[in-house]
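A.B. asks: Before I ask anything, here is the structure I am working with.
No value in this document is a laboratory result; all are computed from the given coordinates. Just so it is clear, the structure is predicted and the values come from calculations on it, not from any experiment. Don't worry about glycine lacking a Cβ; one is built from the backbone with ideal geometry, like all the others, and counts go over all protein chains shown.
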Amino acid sequence: MNDRTVQSVLTELRTLDTSHVSDALDKLGINGQCAGLLPLNRDSRLAGRAFTVRYVPVGDDGGTVGDYIDDLPPGTTVVLDNAGRLDTTVWGDLLTATAARRELAGTVIDGVCRDSDRAYELGYPVYSRSRWMRTGKDRVRVDGYDVPVNIGGVRVEAGDFLLGDADGVVVLPTSRAAEIVDVARTIAEAEEHIRALVEQGRSLVDARREYGYHSLQTRG
C-alpha cells in the first residue's frame, strides 16, 4: 500500500463509525472487533495506524516498561498488549502528555491505564479495559516492538488501521483496509437512505426492505 493510498484510507475511515466498519468486517468474514475495550471519554475518536508493543511478566532477568514514545510520528496509534491484565498498568500521565504533544492518534490497551484525568484534560483518546493506579514497573516488561499482538481477541500487526469511537475499537488489516472501507461506506450510505425514508413517513419495515438492510452485513 503506497502512502497516497494510506492517506486515502485514513481520510475515508475518519468519516465512518465503528458500527459501519464492524458490519463490513462481518460481511467480509474478518475478525476485527476488539472485545471489552472502551474509551475513557465517550467523545473520543481515533483513526490511525498501529505501533504495537507486547508485554510479559518481569522475570529474574528484569526489564522495563519501555521507552518508545519519543520515536513515534504524528498520527500513530499506540497499541499495547498487556494480556488483558487488570492488576497493573502500562500507560499513564507522562506517556499521555508526551503522546498528546506529539499529536499521536490515540492509545489502545488490552489492559488498564492510569492517570485518566490527564487524558480527559488533554482530550487524548485512550481505549482500555478499565483504569487502575498500580504501576507496571517491576511487574511487566516489553517483550517486543512492532510485533503481532492480541487486542481484545483480535490480531493486530504493525501498520494495521484502527478506528475508535464511543462504542469501542475495530481493526482493519493493512492488506484489506481499502476493501473494508469501501464495504463500510456502502453500508453507511444504505442506512442513511433508510433513515431518510423513515423521516419522510415510510415504515421502517418498508425502508429496510428497499435497501436490503437485513443482508447488509451478511457474509456473501
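A.B. asks: How many nm separate the modelled label positions at Arg45 and Asp167, each set 7 Å beyond the Cα in the direction of the Cβ?
C.D. replies: 1.4 nm
A.B. asks: So, in nm, how far is label Ser215 from label Met133 when the simple model puts each one 7 Å beyond its Cα toward the Cβ?
C.D. replies: 5.7 nm
A.B. asks: Oh, and also: Please compute one quarter of the surface area of the Cα convex hull for the range 34-172 and express it in square nanometres.
C.D. replies: 7.0 nm²
A.B. asks: May I pose another question? Treating the range 10-56 as a set of equal point scatterers at the Cα positions, no solvent, please give the Debye-formula log₁₀ I(q)/I(0) at q = 0.24, 0.32 Å⁻¹.
C.D. replies: Debye curve over Cα of the range 10-56, log10 I(q)/I(0) at q = 0.24, 0.32 Å⁻¹: -1.19, -1.26.
A.B. asks: Would you work out the relative contact order for the chain, in percent, from Cα pairs under 8 angstrom that are 6 or more residues apart?
C.D. replies: 31 percent
A.B. asks: Now for a different question. Size of the dipole of the range 34-172 about the Cα centre, Lys and Arg at +1 and Asp and Glu at -1 on the beta carbon, nothing else charged, in debye to 20?
C.D. replies: So the magnitude is around 280 debye.
A.B. asks: Also: Distance from a point 7 Å along Cα→Cβ of Asp93 to each backbone N in the range 136-154: keep the residues under 19 Å and list them by number.
C.D. replies: Within reach of a label on Asp93: 136-138.
A.B. asks: Report the label-to-label distance for Arg155 and Asp143 in nanometres (one decimal), using points 7 Å from each Cα along the Cα→Cβ vector.
C.D. replies: Here the answer is 1.6 nm between the modelled labels.
A.B. asks: When the convex hull of the Cα atoms of the range 1-96 is projected onto a plane and the area is averaged over all directions, what value comes out in nm²?
C.D. replies: With the hull built on Cα positions only, its mean projection is 8.7 nm².
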